[in-house]
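Trainee: This is the structure I have questions about; it appears just below.
The values are calculated or read from the model by the stated rules, or taken from the named source; none is laboratory data. Predicted, not measured: the structure shown is a model, and the values here were computed from it. Note that we place each Cβ from the backbone using ideal geometry, even for glycine, and neighbour counts take in every protein chain shown. Quick note on the areas: whole protein, heavy atoms, side chains included, nothing else; ligands and nucleic acids left out. Shrake-Rupley method; radii C 1.70, N 1.55, O 1.52, S 1.80 Å.
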Amino acid sequence: MIELPDLATGGLAVGMLSALALGGGLLRAQRQQAKQRAEIDALRRQLKGVLQAFTAEVEHLAQQRVPAAARQLAHPHVTVPGPLHPQTAGSVLDLALEQVLTGLRAELATQRTRIDAAAQAGMRGATREIQAALYRLQDALRQLQQKYDDPELAQTLFQLDHENEQSLRRAQVAAVVCGAWVGLAREESHLVEAVTGGQARLAGYHRVRVHNHLAAGTGLVSHAVEPVAIIVAELLDNALRHSAPDTDVVVNLEHVHHGVCVTVDDSGLGMTRDERARAQRLVAGSEPILLTDLGDPPRMGLAAIGQLTRQFDLSVDLSSPSPYGGVRAVLLVDSHLLSAIDPTERPPAASAPRPTRKASRDEAPVEPRTEAPTTSHGYGAEHDDEAADAVPGHHAPRDAGGLPQRRRRTRAAAAARDVPEAREAVRRPEQAAAALGALQAGTAAARSEDGERTDGASTAVPQTEGAAANDHQTDETDQNVHEGGTAR
């Protein structure tokens with residue numbers, strides 16, 4: 001029989017063991033709970049760090065990367081920065097952010113093109129109205145020039161006509177950049193007339209020196225006349241603007257293997273390599289042109305050249321510097337845009353420089369000019385046969401067998417070699433206006449005198465012929481002014 005003390009002792013022992021087991025379990029549970037609490041705190045801290053990093057990346061995307069990506073569309077040299085944290089590169093987050101930038105670029109390009117197209121459409125409509133008004137003003141000015149004989153009024157009308165021509169050129173260039181047509185359809189013309197026509201549209205036309213080395217009768221097909229004139233005008237305008245006002249711009253017209261080259265050289269400051277590369281991209285016309293890429297205010301000259309070179313299969317090169325220290329621009333007109341014009345039936349304008357290239361024996365002879373020999377003007381030189389004999393380097397006329405005839409050199413010709421040829425000053429618009437006014441006044445006086453005279457046929461015939469000659473000269477002068485755009 002178990003005694004009570006032993007039973008109590010065993011119960012106490014069992015209770016102590018149970019208490020110890022429960023205490024150990026509680027301790028283990030507390031330790032696990034503390035460990036889990038520590039892990040949870042660590043995870044919270046890690047999540048907070050990730051959230052802060054993600055927030056920083058999004059802020060960096062919004063403040064730095066997105067504006068740089070938007071600027072890169074207009075300025076390719078702008079660099080878009082990468083992720084803020086280097087450890088993010090190549091991660092899922094980095095790929096997601098790059099997709100955001102790609103979608104942004106695509107949408108910006110689409111919207112930019114749409115907005116620019118709308119702006120170009122509006123400008124095309126405005127320039128069309130401006131061009132029509134300027135053409136009407138030009139016709140009115142030329143009618144006034146033919147109507148009035150006052151030299152001072154003629155001078156003022158010539159100045160207004162020239163200013164109107166410059167405004168018309170700017171409106172025409174803006175229209176071409178916006179995708180409009182050139183605005184004029186001209187007949188087949190001499191290439192040198194297209195060059196001088198572009199020269200006449202500029203304020204500093206008197207600084208341009210044109211050297212015509214083409215064969216007589218080198219012309220342009222009708223649809224290429226106005227584009228060539230616009231391109232030459234813009235190239236000359238850039239050359240005049242970026243060179244000193246006391247320097248000249250030299251233009252050379254030469255035959256090449258595939259057509260004709262019009263070379264424009266200035267003695268300005270030139271361009272850097274990046275500027276020359278950008279200008280070459282614009283004149284090439286291979287990329288779409290947006291108004292937002294042309295600056296503020298927009299510079300449309302090179303952009304207009306690019307539009308015309310793409311539309312009319314022309315070529316302009318700006319990659320080489322000029323030997324005078326500035327920029328050399330070369331316009332290449334392919335042979336399929338050239339034509340042959342008989343210079344005897346359709347001679348070029350009197351203001352156009354004479355060709356320096358001698359006609360070969362197979363070419364049609366050009367009739368000699370009946371005007372009095374003059375010294376060389378600003379655009380070219382004209383000499384008669386005697387002057388050609390006196391100047392070194394000119395050959396004497398040939399006989400029937402094709403051999404040159406020897407002529408005795410006179411004392412005056414020998415002395416002319418030692419005296420430098422005087423260069424005539426460029427004819428200013430005031431002088432041209434005064435000369436035309438005096439010519440028109442003389443014509444009117446001859447007509448009135450012819451009407452009053454009734455002495456007989458012997459006296460009336462010379463006066464009538466003189467008046468007809470004056471009328472023909474006046475018409476020829478008006479035609480030259482019409483073709484050149486203004487009096488030189």
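Trainee: Per residue, how large is the accessible surface of the stretch 252-352? Use a 1.4 angstrom probe and give square angstrom. Each step should come with its number before you reach the end.
Mentor: Working: 5150 Å² over 101 residues.
On a per-residue basis, the stretch 252-352 sits at 51 Å².
Trainee: Right, here's the next one. Given 0.36 nm per residue, what is the gain on full extension from Gln32 to Gln311 after removing their alpha carbon distance, in nm?
Mentor: Numbers: separation 279, 0.36 × 279 = 100.44 nm, distance 8.17 nm.
Difference between extended and current length: 92.3 nm.
Trainee: Additional query: Out of the total accessible area of the stretch 301-362 (probe 1.4 Å, heavy atoms of protein only), what percent is carbon and sulfur? Present the calculation step by step, with values, prior to reporting the outcome.
Mentor: Working: 1510 of 3070 Å².
Ligands and nucleic acids excluded, carbon and sulfur give 49 percent.
Trainee: Moving to a separate point now. Under a plain spin-label model, where a point goes 7 Å from the Cα along Cα-to-Cβ, how far apart in nm are Arg71 and Thr102?
Mentor: 2.5
Trainee: If I take R0 = 60 Å and measure r between the Cβ atoms of Leu269 and Gln46 in this structure, what FRET efficiency does the formula 1/(1 + (r/R0)^6) give, to the nearest 0.05? Let's see the in-between values first.
Mentor: Numbers: r = 61 Å, r/R0 = 1.02.
Here the calculated transfer efficiency is 0.50.
Trainee: If you average over every viewing direction, what projected area does the convex hull of the Cα atoms of the stretch 176-255 give, in nm²? Provide the component values of the computation, followed by the final result.
Mentor: Details: hull surface 23.1 nm².
Average projection, Cα convex hull of the stretch 176-255: 5.8 nm².
Trainee: If N is the number of residues in the stretch 141-290, what value comes out of its Cα radius of gyration divided by 2.2 N^0.38 Å?
Mentor: Numbers: Rg = 17.1 Å, N = 150, 2.2 N^0.38 = 14.8 Å.
This ratio for the stretch 141-290 stands at 1.16.
Trainee: Evaluate Rg over Rh across the stretch 2-97, taking Cα atoms for both radii and Kirkwood's formula for Rh.
Mentor: Working: Rg = 31.1 Å, Rh = 19.1 Å.
Value, to two decimals: 1.63.
Trainee: Leu17 to Glu188: extension gain in nm, 0.36 nm per residue of separation minus the Cα-Cα distance? Mind showing how you got there, number by number?
Mentor: Working: separation 171, 0.36 × 171 = 61.56 nm, distance 12.21 nm.
Length gained, Leu17 through Glu188: 49.4 nm.
Trainee: Label-point separation (nm) for Val221 and Val58, each offset 7 Å from Cα along Cα-to-Cβ?
Mentor: 6.2
Trainee: Rounded to the nearest whole Å², what accessible area per residue is found for the stretch 24-92 with the 1.4 Å probe?
Mentor: 76
Trainee: Output the relative contact order of the stretch 16-94, whole-number percent, from Cα pairs under 8 angstrom with separation of 6+ residues. Walk me through the numbers on the way to the answer.
Mentor: Numbers: 26 pairs, mean separation 15.7, N = 79.
Relative contact order for the stretch 16-94 comes out at 20 percent.
Trainee: Considering only protein heavy atoms and a 1.4 Å probe, what is the carbon-and-sulfur percentage of the accessible area of the stretch 34-127? Provide the component values of the computation, followed by the final result.
Mentor: Details: 4050 of 6390 Å².
After summing per-atom areas, the C and S share lands at 63 percent.
Trainee: Applying 1/(1 + (r/R0)^6) with R0 = 45 Å to the Cβ-Cβ distance of Glu39 and Thr292, what FRET efficiency is obtained, to the nearest 0.05? The partial results should precede the final answer.
Mentor: Details: r = 56 Å, r/R0 = 1.25.
The pair Glu39/Thr292 has a calculated efficiency of 0.20.
Trainee: Note down the nm distance, to one decimal, between modelled labels 7 Å out along Cα→Cβ at Thr9 and at Ser320.
Mentor: That separation, rounded to one decimal, is 12.3 nm.
Trainee: The stretch 127-189: which chymotrypsin sites (Phe, Trp or Tyr not before Pro) are DSSP loop and have at most 16 other beta-carbon atoms within 10 angstrom? If you can, show how the numbers build up before the last one.
Mentor: Working: sites: Tyr135, Tyr148, Phe158, Trp181; in loops: Tyr148, Trp181.
When the chymotrypsin sites (Phe, Trp or Tyr not before Pro) of the stretch 127-189 are filtered for loop state and at most 16 Cβ neighbours within 10 Å, Tyr148, Trp181 remain.
Trainee: 5 Å is the cut-off here: which amide hydrogens, built 1.01 Å from N in the peptide plane, fall below it relative to Val327, excluding neighbours closer than 5 in sequence?
Mentor: Answer set, sorted by chain and number: Asp266, Gly268, Gly270, Ser322.
Trainee: Loop-only check: which trypsin sites (Lys or Arg not before Pro) in the stretch 123-186 are DSSP coil with at most 13 other Cβ within 10 angstrom? Walk me through the numbers on the way to the answer.
Mentor: Numbers: sites: Arg124, Arg128, Arg136, Arg142, Lys147, Arg169, Arg170, Arg186; in loops: Arg186.
Qualifying residues, ordered by number: none.
Trainee: What base-10 log of the normalised intensity I(q)/I(0) is obtained for the stretch 208-305 from the Debye formula, alpha carbons as equal point scatterers, at q = 0.12, 0.15, 0.16, 0.19 Å⁻¹?
Mentor: Values, matching the q order: -0.48, -0.74, -0.84, -1.12.
Trainee: Which part of the stretch 288-310 falls in the paramagnetic zone of Arg241, meaning amide N under 13 Å from the point 7 Å along Cα-to-beta-carbon?
Mentor: Under cut-off, by backbone N: 294-305.
Trainee: What base-10 log of the normalised intensity I(q)/I(0) is obtained for the stretch 68-209 from the Debye formula, alpha carbons as equal point scatterers, at q = 0.10, 0.15, 0.21 Å⁻¹?
Mentor: -0.61, -0.91, -1.29
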